[in-house]
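Values quoted throughout were computed directly from the atomic coordinates according to the rules given, and no laboratory measurement underlies them. These figures come from a predicted structure and were not determined experimentally. Note that each Cβ is placed from the backbone with ideal geometry, even for glycine, and that neighbours are counted across all protein chains shown.
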Amino acid sequence: MRRKLVAGNWKMHGSLTENEALLAGVLAGVAGAKTEVAVCVPFPYLAQAQAKLNGSAIAWGAQNLSQHGKGAFTGEVSAAMLRDFGCKYVIVGHSERRSLYGETDALVAEKFEAAQAAGLVPILCVGETLSEREGGITEEVVARQLDAVIGKSGVGALADAVVAYEPVWAIGTGKTATPQQAQEVHAFIRGKIAGLDPAVAEGLIIQYGGSMKASNAAELLAQPDIDGGLIGGASLVAEEFLAICKAA
């Protein structure tokens, strides 16, 4: 049976005071949990997350990284820098990075490679927009996004990664893919990988990342190919996040 991973993506939220209370609440609530739990925090709060979570059952990570190892790239943060702060995970190719900052499939593949080269576990985000879903090309879009990474790093690289399916139309909109819709795409992803390497496909954690919350987590996580959640807004409320972890 594949393990479950619930990761909180804080986006551009938080303060030192708010984080302290949120992390304390999550720490108290996950004691003894069988589900793997992680939080991906904004860069300025990595030191706080490291200090608070070090030695606990909760892993931490970042929401982005540079594809470059070092150099004259003002404002960028390298994978090695993230490792200095004890990060295990880094989110790669989140839909907001793709849509707002123009990250291409090729650039996402470079970032994925840079993360793994430094020993980080990339959480690779894939997913379609509303117009793409309505146009019937969801699988084509997801396949293209996966192929960019597989073409650069090889299918074997996914054995040390996580994939998060995030239907763009269900992020921050209050809309959520039905369990059946989500399962269909998760099964497609696993099937595509299985066609290249069955063992990698079987062990791959595929998270759902489209407005999962306490009220719908159990039904989503009951689907055979949904192995956890990449949680946005719900991860900013300890009780809500912990309810999702419990459902997993």
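For the chain, just the Cα set please: Rg and Dmax, both in angstrom.
In order Rg, Dmax, the Cα atoms of the chain give 16.8, 48 Å.
Whole-Hz ³J(HN,Hα) for each residue in the stretch 196-203, computed from phi via Karplus 6.51 cos²θ - 1.76 cosθ + 1.60 with θ = phi - 60°, x for glycine and proline: what do you get?
With the stated coefficients, the stretch 196-203 comes to 9, 7, x, 5, 4, 4, 5, x Hz.
Residue 127's amide H: which non-local residues (gap 5+, or another chain) put their own amide H closer than 5 Å, with H modeled 1.01 Å from N in plane and none for Pro or chain starts?
Here the answer is 166, since their amide H atoms fall under 5 Å of that of residue 127.
Near residue 137, within a Cβ-to-Cβ distance under 11 Å, what is the net charge of the other residues, with Lys and Arg +1 and Asp and Glu -1? Can you show the working numbers first?
Values: positive: 133, 144; negative: 128, 132, 134, 139, 140.
Around residue 137, the surrounding residues sum to -3.
Can you work out D for the stretch 141-212 in µm² s⁻¹ from Stokes-Einstein, where Rh is the Kirkwood radius over C-alpha pairs, the temperature is 4 °C and the viscosity is 1.567 mPa s?
On the way: Rh = 12.7 Å.
D, rounded to a whole number, is 102 µm²/s.
Can you pull the three principal axis extents for the Cα set of the stretch 169-248, in Å, largest first?
39, 24, 17
Enumerate the amide H contacts of residue 121 below 5 Å, restricted to partners 5 or more residues apart or on another chain; note that Pro and chain-start residues carry no placed amide H.
It is 89, 90, by chain and number.
Let me check the size of the stretch 1-62 from its C-alpha atoms; what are the radius of gyration and Dmax in Å?
Over the stretch 1-62's Cα set, Rg and Dmax evaluate to 11.4, 39 Å.
So which of 152/175; 4/175; 52/192; 52/152 end up more than 31 Å apart, counting from Cα to Cα? Intermediate results must be reported in sequence, preceding the final value.
On the way: 152/175 33 Å; 4/175 23 Å; 52/192 39 Å; 52/152 36 Å.
In this structure, 152/175; 52/192; 52/152 lie more than 31 Å apart at Cα.
Starting from the amide H of residue 229, placed 1.01 Å from N in the peptide plane, find each other amide H under 5 Å away whose residue is 5 or more places distant or on another chain.
5, 6, 7, 208
Average the reciprocal distances over every distinct pair of alpha-carbons in the stretch 64-130, invert the result, and give the Kirkwood radius in Å. Before the final figure, lay out the partial values.
Details: mean 1/r = 0.0826 Å⁻¹.
In the stretch 64-130 this quantity evaluates to 12.1 Å.
Remind me, relative contact order of the stretch 154-239 in percent, using alpha carbon pairs under 8 angstrom and six or more residues apart?
36 percent
For the stretch 121-128, in order, what is each residue's ³J(HN,Hα) by Karplus, 6.51 cos²θ - 1.76 cosθ + 1.60 with θ = phi - 60°, in whole Hz (x at glycine and Pro)?
The phi angles translate into 9, x, 9, 7, 8, 9, x, 10 Hz.
Sort 19-30, 109-120, 216-227 for me by packing, meaning the mean count of neighbouring Cβ atoms within 10 Å per residue, highest on top. Spell out each step's value before the answer.
Details: 19-30: 16.8, 109-120: 20.5, 216-227: 18.8.
Peptide ranking by packing, descending: 109-120, 216-227, 19-30.
Using the Cα gyration tensor of the stretch 83-218, with a ≥ b ≥ c the square roots of its eigenvalues, what is the shape: rounded (a/c below 1.5), prolate (a/b larger than b/c) or oblate (neither)? Please report the intermediate quantities before stating the final value.
Numbers: a/c = 1.44, a/b = 1.31, b/c = 1.10.
Since a/c stays below 1.5, the shape of the stretch 83-218 is classed as rounded.
Given the peptides 67-76, 237-246, arrange them by the average over their residues of other C-beta atoms within 10 Å, most packed first. Could the numbers behind the result be given before it?
Numbers: 67-76: 10.9, 237-246: 19.4.
Ranking the peptides 67-76, 237-246 by packing returns 237-246, 67-76.
How large is ³J(HN,Hα) for each residue in the stretch 107-117, as worked out from phi by the Karplus curve 6.51 cos²θ - 1.76 cosθ + 1.60 (θ = phi - 60°), to whole Hz, x for Gly and Pro?
Listing the rounded values in order: 5, 4, 5, 5, 5, 4, 5, 5, 4, 5, 4 Hz.
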